[in-house]
1. What number of residues within the range 121-131 satisfy the criterion of being surrounded by fewer than 16 Cβ atoms within 10 Å (Cβ to Cβ) and either hydrophobic (A, V, I, L, M, F, W, C) or free of Cβ contacts under 8 Å to residues at least 40 places away in the same chain (or both)?
2. Determine which member of the set I71, I109 is β-branched (V, I, T) and part of a strand (DSSP E or B).
3. Just need a number here: residues in the range 16-38 that are of a type in the set (S, T, N, Q) and modelled with pLDDT of 60 or more.
4. Surrounded by 12 or more Cβ atoms within 10 Å (Cβ to Cβ) and not basic (K, R): does that describe V112?
5. Does at least one position in the range 106-115 carry a residue that is in the same structural domain as Q33 (by TED's automatic domain parsing) and modelled with pLDDT under 85?
6. Going residue by residue through the range 78-93, is there one that turns out to be surrounded by 12 or more Cβ atoms within 10 Å (Cβ to Cβ), within 28 Å of T131 (Cβ to Cβ) and charged (D, E, K, R)?
7. Give the range 73-87 a look and list any residue that's of a type outside the set (A, V, I, L, M, F, W, C) and more than 9 Å from A52 (Cβ to Cβ), or say none.
8. Quick check on the range 45-68: of everything there that is of a type in the set (G, A, S) and part of a loop (DSSP other than H, G, I, E, B), which residue is farthest from the chain's Cα centre (by Cα)?
Amino acid sequence: MKKYLLIAFSLLALSSQSSFAGTKTLVDYGVVQQSTIISSQNRSHPLRTMAAGAAGAAIGNQFGGGSGKTIMTATGAVAGVEASRNRQARQQSAQTVNLTIKTNSGQIIQVVQDYNGTLTFNKGDKVRILTSGSNTTVDKSV
């Protein structure tokens, strides 16, 4: 019995993942040479909108009776179309900022990151460049 417990605990210890304290983030500093905000221009998808309207109508048709069923079907169709339009509008409003930066070590790098409107970059701004793995982000340097 003791042998089996020892074997079981040994296998458990060998198969468990090793724990890590965290990931390493490289920090560099530089100066913005150029900053461009890029808006994604996704095209509209009318077939998706029509499909969402049809799905909404099918769901609405499950409720009510008589003229109420007709009203629920129409309401479901309108709700499906509006949900599709809102989703497409959110996707089209996504923006990124393209930054060209000269690091303190003299390298010229380019970073593209999400733009939320609260953090703007201008030519000459001092910035901090954070790189963790393959992800690089830029913020203002203090």
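The values are calculated or read from the model by the stated rules, or taken from the named source; none is laboratory data. Since the model is a prediction, treat every value here as computed from it, not as a measurement. Quick reminder, even Gly has a Cβ in these numbers, built from the backbone with ideal geometry, and neighbours come from all protein chains shown.
1. 1
2. Exactly one of I71, I109 is β-branched (V, I, T) and part of a strand (DSSP E or B), namely I109.
3. Result for the range 16-38: 6.
4. In short, yes.
5. no
6. Looking for residues that are surrounded by 12 or more Cβ atoms within 10 Å (Cβ to Cβ), within 28 Å of T131 (Cβ to Cβ) and charged (D, E, K, R), one finds none in the range 78-93, hence no.
7. Within the range 73-87, T73, T75, G76, N86 qualify.
8. G66
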